[in-house]
Structures are given as C-alpha cells and as structure tokens.
Amino acid sequence: MTAETVPTSPTLPVTLSHRFADDLPELALDWQAETAPAPQLLVLNQPLAVELGLDPAWLRTDDGVRFLVGNLVPEGARPVAQAYAGHQFGGYSPRLGDGRALLLGELTTPDGTLRDLHLKGSGRTPFARGGDGLAVVGPMLREYVVSEAMHALGVPTTRALAVVATGRTVQREVPMPGAVLTRVASSHLRVGSFQYARALAGGEGDRHPDLLRRLVDHAVARHHPDAAHATDRPGGPALALFEAVVAAQADLVARWMLVGFVHGVMNTDNVTISGETIDYGPCAFLEAFDPTTTFSSIDEGGRYAYGNQPPMAEWDLARLAEALLPLFHDDEAEAITLATTALQGFRPRYSQAWDDGWRAKLGLADEAATSEAAAGVVDDFLAILQTDHPDLTSFLVHLHAGTARDHVLDVVTFDSWQQRWESLGPDRDLMERTNPVRVPRNHLVEEALTAATAGDLAPLGPLLAAIASPWGESADFQAYAGAAPDTFGQYTTYCGT
Ligand code: AMP
Ligand code: MG
C-alpha cells in the first residue's frame, strides 16, 4: 500500500507546522488522504474557522474544500497517521493507530495557541487492519453535532470544523455516502500514545531509549507546562504530568455526568492527555436518569454505562500510570507507590467536581451551598432521580420553573424534599446558568442524520442552532427541549461507522 501524492500549494492561506512528527517520528507515519472524487461541503463551522484564523469564504471555495479533506495541502505541511495502542473494552491492542484518520498538522491560532487539524474518514492507512479507512455522512455529522453541543455546554472537547461529503459510496450494511470530518483538537495525544511509546521503548532495546521521555516533554509543553518545573520533586515532570491528566480527566468526566453525556467507548485510545472529550462514536445524552444506561450496540456488559464512567476513567488512568512507571522512579516499587498515590487523587477530585456541580444545579451558592443541609438536599435529590428516572435535562428545567412535581412518581417524598430545598433559598439565576434547556435529543439527532444521509440538509441547520444555544427557555427552540416521544423506543448507536 502506498500513499497517494497530494498536490501542495505555496499560496494557500494556511500554514501548518509538524511539531508532533518532528518531536516523535516513531509515532508518526507520513501519509496522504485519499482523493475525494466529488467533494461537497455539507457543513462548515464558521465561528470556529474565524477563531482559528481561517477565512470561511475561502474554505467554501473548491480549493478550500479540497483542503478540508486533505486533497490540497499547504506547502511544508506533513500529514501523518499517528501510532497508538489501546485497551479496547479491557483487552489490549498493541497497535491501533489512525486507521482512517490523519493529522494534517498543527495550526497556530491568532491568539497564539496550537491546535491540531485532523481528518477522519480520509482513507486507509497502514494502521487500517481490516477497515476500509472510510467514514460516512451520518456518523461524521453526529460527531459534528454532539461535539459542538458539548462545546456550547462548556465541556472541554475536540471541535468539528467541517463535514465534507466525498462523493464516494461506502459499503456499510447498505451503501452509504462517504464523508470526511475535519476536526480540531488541542492535540490528539491519548493514553494509548503513551502505551505505544512504552512498548516500543521497552521492546526494542535502546533503539528508542528516550521516546517515552520525549513524549512526556512534548505533552508537558503542549498541555501542562507547569509540570516542566517539577524537576526537584519525586517522580519529576512525568509524575506532575500524570497528576495533571488525572485532574483534567476527573473534571471532564464530572462535566459529562452533570449534563448526562454517555461517551460509549472509553477505551484508552479515546482518553486524551489534554482533558478534552474525543471520538464521538456511539455516544448519546441520557434522557431518563438511570446509571445503567448504555447506547452502544456492542457494550453488552455495560462497561461504559453512564454510571460507570468515573471508575472507567480511573481504570484508563491506571494504564497511563503503568506506561509512565519507568520515568517516575528507577526502582519499580517506588515508582508504583508514587503512581498509586497520584491516582488516588482521582476520586476526591471527581467527587468535589460532582458535588460542586450539583449544588450549582440546585441553585445552592455560597453559604447555602456549604451548609450541612445542602449536602443532604443534594443526596436526596439524586435519590429521587434514581427512583423516579425523570428526563434529566427537562426535570431540572421544571425544577427551576416550579413544575417538577408534575414529573415525579412519589409526590409525597418530592414535596418534603422541595420544602427543605426552598428553605435554603436557591438562586434561580445560578440554576439557569447551570442547567441546559437544550441538549442533542436522540430522536432529533437521528432525524437530522437520516435526512442528511438521504441528501436533505434541512433539519440539520435548526438542530445545530438549537444545540449551539443550550441555555434559557426559548420559544424558537421549543421542539428541541423535550425528551423523545415514547414511540422512539430504546436508542442504540453503533461503533466504527
Ligand atoms: P474508534 O473506536 O473510532 O476510536 O477506533 C478504534 C480504532 O479502529 C482506531 O485505530 C481507528 O483508526 C480504527 N478504525 C475504526 N474504523 C475504521 C475504518 N473504517 N477503517 C480503518 N480503521 C478504522
Ligand atoms: Mg478512537
């Protein structure tokens, strides 16, 4: 298999650097995107383009669209497929990597930050194994919709710059229109990158003696620069990096839990070092509150169920610690002690974020929030959610509006709870700022993706407008605020599509 040669242009209004490929050649395989026979822009994220310093008008031109699918690259760019390993549903795969994705390069935004420009669905790479290297319109639009919703909700995430239909038919259960997602991330470093580097460094003698260290340095410089100063501490910068990732992931997963997001594939190759949510496959938002909820067709054991997400993140972080052990201490027992202590930081950090988040959602600020009564009120509210399974998002909106009582089964318990809650003087404005009215509702996402797959983009625009504006009731977006009708039934989503 060889990569096609992609035209470069010295005149494109974009500059891409290749620091990842330069710093970590062992993890970067030079590769090119497959040519899209008839690329057609389906959706462009105009505000994100501007934020990145890209001209939206240019991105809509033929050259711009070819750029968005990797078929025209600026001179000096060096697209690569990234190598990584990963535990998938608990089982280790030593060589995953970008089977259908490419890092086009890094872009420096007008405010000076570095962002990865990445393609998904850009053709087979040497990491493709049995896969066709391609992606189809529905799932790429799902990533666009859900990642933009997460961004609007204030949850750290990769972003979607565009989805381009390639004009190629892709064989799935039935033939589907192919697409490429152009993705932006603060980086694509993941736990699996470290697992891969560790295996390479360990397995091939001294051919890559400093690979793990270089990867740590690269990650520290890019995401957690304070860790570089930890040279005099036990464990050094590598341990400080690990602690920073533990904190970032604990905060991230708490944010997911507070908005009812179920990722669906928390494999170690899908857990970032930056603390951004990545790889929106079989993900969806919870409607009825139930910790056992899964949406993924392949997650039969419920490994990545809503309520399992915090312990699964902790499990993934333990794999990161294992990969980094040799850098924590020369003595393995000492290294394990340092790693264990650092990992123990996950639970209190997560609990704090979850508790703070719930107090805010219930409008408990300042003195009200720190009182002992507040803790009981939060716990008892969660117990009501657990027994009555209301739609998480709209129930909190009803609570704010004073109509939640109409949506519980056990009115007596709710009334006595509500009385205690009201006595704490909940701050209605704080509630409005912390309880979204609009999340991507599964039935509406499905409707928009089905239509788009059939060539009708009409429902997508209003859906994107609604999820870009999650806060505050709005007459314009009424249809986007409620749970799916009962006729929608059990929602199932699929991986690797
Ligand atoms: P994911 O579950 O999307 O994170 O993907 C896990 C691994 O499977 C990654 O190494 C992907 O590159 C690879 N992969 C998923 N779908 C395909 C495909 N259609 N062709 C090639 N590789 C794929
Ligand atoms: Mg992945």
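The values are calculated or read from the model by the stated rules, or taken from the named source; none is laboratory data. This is a predicted model, so every value here is computed, not measured. In this analysis, Cβ positions are derived from the backbone assuming ideal geometry, glycine residues included, and neighbour counts consider all displayed protein chains.
So here's what we get for this one:
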{"read-out": "Positions within segment 124-143 being touching a Ser or Thr at 6+ places or on another chain (Cβ under 7 Å) and assigned to a helix (DSSP H, G or I), in sequence order", "value": "Val137, Gly138, Pro139"}
{"read-out": "Residue in segment 295-303 that is of a type in the set (S, T, N, Q) and either free of Cβ contacts under 8 Å to residues at least 40 places away in the same chain or more than 16 Å from ligand 1 (Cβ to nearest atom) (or both) present", "value": "no"}
{"read-out": "Leading residue by the ranking (surrounded by the fewest Cβ atoms within 10 Å (Cβ to Cβ)) among those in segment 281-294 that are touching a residue at least 60 places away in the same chain (Cβ under 8 Å) and either polar (S, T, N, Q) or touching a Cys at 6+ places or on another chain (Cβ under 9 Å) (or both)", "value": "Gly281"}
{"read-out": "Output for segment 440-497, where each listed residue is within 16 Å of ligand 1 (Cβ to nearest atom) and surrounded by 15 or more Cβ atoms within 10 Å (Cβ to Cβ)", "value": "Thr493, Tyr494, Cys495, Thr497"}
{"read-out": "Criterion (closer than 30 Å to Ala165 by Cα and over 26 Å from the mean Cα position of the chain (by Cα)) met by exactly one of Ala454, Ala465", "value": "Ala454"}
{"read-out": "Odd one out for Leu141 among (1) under 25 Å from Leu320 (Cβ atoms); (2) within 16 Å of ligand 1 (Cβ to nearest atom)", "value": "(1)"}
{"read-out": "Segments classed as helices (runs of 4 or more DSSP H), wholly inside segment 324-407, with at least 1 members that are without any contact (Cβ under 8 Å) to a residue 12 or more places away in the chain and assigned by TED's automatic domain parsing to the domain that holds Ala313", "value": "332-343, 346-361"}
{"read-out": "Subset of segment 413-437 (residues that are in contact with a helix residue (DSSP H, G or I) (Cβ under 9 Å, 6 or more places away or on another chain), charged (D, E, K, R) and free of Cβ contacts under 8 Å to residues at least 24 places away in the same chain)", "value": "Asp415"}
{"read-out": "Count - residues of segment 12-45 that are without any contact (Cβ under 8 Å) to a residue 40 or more places away in the chain and over 27 Å from Val170 (Cβ atoms)", "value": "2"}
{"read-out": "Whichever residue in segment 267-280 is near ligand 1 (Cβ under 10 Å from one of its atoms) and in a loop (DSSP other than H, G, I, E, B) and, among such residues, is surrounded by the most Cβ atoms within 10 Å (Cβ to Cβ)", "value": "Tyr280"}
{"read-out": "Residue that is farthest from ligand 2 (Cβ to nearest atom) [pool: residues in segment 290-317 that are among the aromatic types (Phe, Trp, Tyr) and either touching a Pro at 6+ places or on another chain (Cβ under 6 Å) or closer than 27 Å to Val180 by Cα (or both)]", "value": "Tyr306"}
{"read-out": "Residue satisfying all of: in segment 80-89; outside any strand (DSSP E or B) and touching a Gly at 6+ places or on another chain (Cβ under 6 Å); farthest from Met266 (Cα to Cα) among these", "value": "Ala83"}
{"read-out": "Residues of segment 84-104 classified as aromatic (Phe, Trp, Tyr), more than 18 Å from Leu200 (Cα to Cα) and buried (at least 22 other Cβ atoms within 10 Å of the Cβ), total", "value": "0"}
{"read-out": "Enumeration of residues in segment 374-391 that are in contact with a Ser or Thr (Cβ under 8 Å, 6 or more places away or on another chain) and over 20 Å from Arg405 (Cα atoms)", "value": "none"}
{"read-out": "Check on Pro139, farther than 19 Å from Pro47 by Cα and at pLDDT 95 or above", "value": "yes"}
{"read-out": "From Gly130, Gly97, Gly70, Gly112, residue being over 30 Å from Ile298 (Cα atoms) and within 16 Å of ligand 1 (Cβ to nearest atom)", "value": "Gly70"}
{"read-out": "One residue from Val170, Val146, Val216 being assigned to a helix (DSSP H, G or I), within 16 Å of ligand 1 (Cβ to nearest atom) and among the β-branched types (Val, Ile, Thr)", "value": "Val146"}
{"read-out": "In segment 232-245, residue nearest to ligand 2 (Cβ to nearest atom) [restricted to those that are closer than 16 Å to Glu314 by Cβ and surrounded by fewer than 24 Cβ atoms within 10 Å (Cβ to Cβ)]", "value": "Ala244"}
{"read-out": "Top-ranked residue in segment 82-120 [being of a type in the set (Gly, Ala, Ser) and within 17 Å of the chain's Cα centre (by Cα); ranked as farthest from Ala36 (Cα to Cα)]", "value": "Gly86"}
{"read-out": "The listed residue being within 16 Å of ligand 2 (Cβ to nearest atom) and either modelled with pLDDT of 95 or more or touching a Ser or Thr at 6+ places or on another chain (Cβ under 9 Å) (or both), out of His223, His218, His151, His188", "value": "His188"}
{"read-out": "Check on Pro310, exposed (fewer than 14 other Cβ atoms within 10 Å of the Cβ) and closer than 22 Å to Val259 by Cβ", "value": "no"}
{"read-out": "From Gly70, Gly105, residue being assigned by TED's automatic domain parsing to the domain that holds Gln32, away from ligand 2 (no atom under 14 Å from the Cβ) and part of a strand (DSSP E or B)", "value": "Gly105"}
{"read-out": "Whichever residue in segment 149-167 is assigned to a helix (DSSP H, G or I) and crowded, with 24+ Cβ neighbours inside 10 Å and, among such residues, is nearest to ligand 1 (Cβ to nearest atom)", "value": "Met150"}
